[in-house]
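These notes concern the structure reproduced below.
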Amino acid sequence: MNILLVYPKCPDSFWSFKHALKFISKKAAVPPLGLITVSAMLPDTWQKKLVDLNITNLLASDIQWADYVFISAMTIQKESVEKIILECKRWNKKIVAGGPLFTQESANYPDIDHFILNEAEITMPIFLADLRAGQPQQIYATDEYADLSLTPVPDFHLLSVNDYAFMNIQVTRGCPFSCNFCEITALLGHKVRSKSTLQVIKELDVLYHTIKWRGPVSIVDDNFIGNKNEVKYSLLPAMNEWMQNHQHPFSFNIESTINLADDEELMSIMAETGFRSTFIGIETPDETSLDYCNKVQNRNRDLLDSVKKIQKAGIQVSGGFIVGFDSDTPTVFQRQIDFIQQSGIVSAMVGVLNAPKNTKLYQQLKTENRLISDASGNNTDFSMNFIPIMDYNELQKGYNKIIQGIYSTRPYYKRVRQFLLNYNRQNNGQPKFSFSLVKAFLNSVLIIGLINKGRVEYWKLIFWTLFNRPGLIVEAITFTVYGYHFKTVYRLNK
């Protein structure tokens, strides 16, 4: 059996890092972890080929070779998905589809032959058994949640490793919190389920020995510290020992909740292990809006102080911010700007509120007859899929004010300096010298320091860092590249 695994193209977005990747000659930020995990669930005797449309093209010969074409996708990849389906049907090939997009919208894709929905550890074995019996069904779905001890090591060997800026692994699924706009718990539940420590260490071994990876690794869990005791007392000590025994070949990026700041011991061992950054959904500094969206973990705390605690522990913070809550007033826009600037959160993803399907917010707005379209899945494309309480034009104007206020050249570089003052990096997390770093610096000089309109602020930052925080010059250069990407995504011309 020949299996073609196709990962659809992601459009340009905040997290695509498309405009930053060219500085280091990479084609995509991360590989399709879900798809290569599904690949590992298929029989070893089957021939498998991966085509990631973010790094290469899908050829007619690839489709002709295949007996089945497997697709996994998120909502943001809809446009590419439709093109893939048309091309497969042109060659009369059967399609097997799964992932968040199809789990939520399978009815919108009548041309798909077989849906492997929800968690593949449960639904894939049933499909394979029916396929062997010659009676495969169209839809395989479940209300149950998978035992992650059944999750195999992903087929990392299928990847064109050098085309990616990061590798990625998954440790847990699920989140104990219930933010009303978040679809994670609808898909993966409130109970945090974890791979065993041995499973995680085995995946690190495969990254290190099998594909010879060295560099950043994203842990894609929606809340890495959802089961804090398991992480703190079992997983992290083992990862720390592994990292020390292998001379710290990786650095780790995670997503977490703000309560990470409450545990200094946890942050210390994370930084010692090589955890370099975390993405946190801060959403808003407004307590009323936090209550509205049920962001209980962010309430009744000094959010600014919490961010700075994490930074001082040696972990960078990137953040998600939202405007458009029903309780928002026009004062929220300047408050968002002030918070982001004072926090030193360099990578601040600011979006207008949307309601993904199957969320509590979606159900509320449906009841109120305020929905107008499906969410695009792109947090920064200026779209909104429901009628807001605030005047829409005022909301759009305020949103643009935030983007201008944090990503125009001068405030952006001012925020980078604020971060460099807050940050206390661990020595074992120091970026290692590499040709890639030198190339990135030279490209930043050429593209940002000599050609770009913001070149004066660029050089001011470089010299400020050399005089004030010389040990963080790599971080400073990295953020000049990130800024170039963010400004391009938001299309700022000032």
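The values are calculated or read from the model by the stated rules, or taken from the named source; none is laboratory data. Quantities reported herein were computed from a predicted structural model and do not represent experimental measurements. Cβ placement follows ideal geometry from the backbone for every residue including glycine, while neighbour counts extend to all protein chains displayed.
Quick notes
- Condition check for F177 on (1) in a loop (DSSP other than H, G, I, E, B); (2) aromatic (F, W, Y); (3) touching a Phe, Trp or Tyr at 6+ places or on another chain (Cβ under 8 Å): one failure, at (3).
- When the test is whether a residue is in a loop (DSSP other than H, G, I, E, B), outside the structural domain of A20 (by TED's automatic domain parsing) and modelled with pLDDT of 95 or more, I340 does not pass it.
- For segment 343-363, a residue qualifies if it is in a loop (DSSP other than H, G, I, E, B) and more than 22 Å from T257 (Cβ to Cβ), and exactly one does: K357.
- Pair list, Cβ < 7 Å and 6+ apart or interchain, from segment 237-251 residues that are over 18 Å from L198 (Cα atoms) to residues that are aromatic (F, W, Y) and assigned to a helix (DSSP H, G or I): P249/Y208
- Matching entry among S80, S13 (being of a type in the set (S, T, Y) and either at pLDDT below 95 or under 16 Å from Y164 (Cα atoms) (or both)): S13
- When I473 is tested against (1) at pLDDT 95 or above; (2) part of a helix (DSSP H, G or I), only condition (1) is not met.
- With respect to the stated conditions, D44 fails to be charged (D, E, K, R) and either outside the structural domain of D113 (by TED's automatic domain parsing) or in contact (Cβ under 8 Å) with a residue 60 or more places away in the chain (or both).
- Scanning segment 240-273 for residues that are among the hydroxyl-bearing types (S, T, Y) and buried (at least 17 other Cβ atoms within 10 Å of the Cβ) yields S251, S256, T257, T273.
- T142 vs. criteria over 28 Å from T210 (Cα atoms), assigned to a helix (DSSP H, G or I) and at pLDDT 95 or above: no
- A single member of F115, F102 is in a helix (DSSP H, G or I) and of a type in the set (F, W, Y), and it is F102.
- Any hit, segment 207-221, residues being part of a helix (DSSP H, G or I), at pLDDT below 95 and either aromatic (F, W, Y) or within 26 Å of E105 (Cα to Cα) (or both): no
- In segment 160-187, the residues that are small (G, A, S) and touching a helix residue (DSSP H, G or I) at 6+ places or on another chain (Cβ under 9 Å): A165, G174, S178, A186
- Residue count, segment 442-456 (criterion: assigned to a helix (DSSP H, G or I), crowded, with 21+ Cβ neighbours inside 10 Å and either in contact with a strand residue (DSSP E or B) (Cβ under 8 Å, 6 or more places away or on another chain) or touching a residue at least 40 places away in the same chain (Cβ under 8 Å) (or both)): 1
- Test: residue in segment 96-116 that is more than 26 Å from K191 (Cβ to Cβ), in contact with a His (Cβ under 9 Å, 6 or more places away or on another chain) and modelled with pLDDT of 95 or more: yes
- So F467, is it more than 30 Å from T273 (Cα to Cα), in a helix (DSSP H, G or I) and free of Cβ contacts under 8 Å to residues at least 24 places away in the same chain: no
- Residues being at negative phi, crowded, with 18+ Cβ neighbours inside 10 Å and either at pLDDT below 95 or in contact with a Ser or Thr (Cβ under 9 Å, 6 or more places away or on another chain) (or both) - total across segment 117-128: 6
- Qualifying residue in segment 228-241 (condition: of a type in the set (K, R), farther than 19 Å from L260 by Cβ, at pLDDT 95 or above and in the same structural domain as S277 (by TED's automatic domain parsing)): no
- Test: residue in segment 158-174 that is under 15 Å from N118 (Cα atoms), of a type outside the set (V, I, T) and not assigned by TED's automatic domain parsing to the domain that holds A40: yes
- Subset of segment 334-348 that is closer than 19 Å to K295 by Cβ and crowded, with 20+ Cβ neighbours inside 10 Å - its residue that is nearest to the chain's Cα centre (by Cα): A348
- Unmet requirement for N223, which otherwise passes all of (1) free of Cβ contacts under 8 Å to residues at least 24 places away in the same chain; (2) within 30 Å of T359 (Cβ to Cβ): (1)
Let's see how each residue does on (1) out of contact with any strand residue (DSSP E or B) (no Cβ under 7 Å at 6 or more places or on another chain); (2) among the charged types (D, E, K, R); (3) more than 29 Å from D143 (Cα to Cα):
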{"position": "R193", "(1), (2), (3)": "no, yes, no"}
{"position": "S196", "(1), (2), (3)": "yes, no, no"}
{"position": "H209", "(1), (2), (3)": "yes, no, yes"}
{"position": "I225", "(1), (2), (3)": "no, no, no"}
{"position": "M239", "(1), (2), (3)": "yes, no, yes"}
{"position": "E255", "(1), (2), (3)": "no, yes, no"}
{"position": "G274", "(1), (2), (3)": "no, no, yes"}
{"position": "E287", "(1), (2), (3)": "yes, yes, yes"}
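- Taking segment 1-96 as the region of interest, the strands (runs of 3 or more DSSP E) fully inside it that hold 1 or more residues being surrounded by fewer than 19 Cβ atoms within 10 Å (Cβ to Cβ) and out of contact with any helix residue (DSSP H, G or I) (no Cβ under 8 Å at 6 or more places or on another chain) are 47-52.
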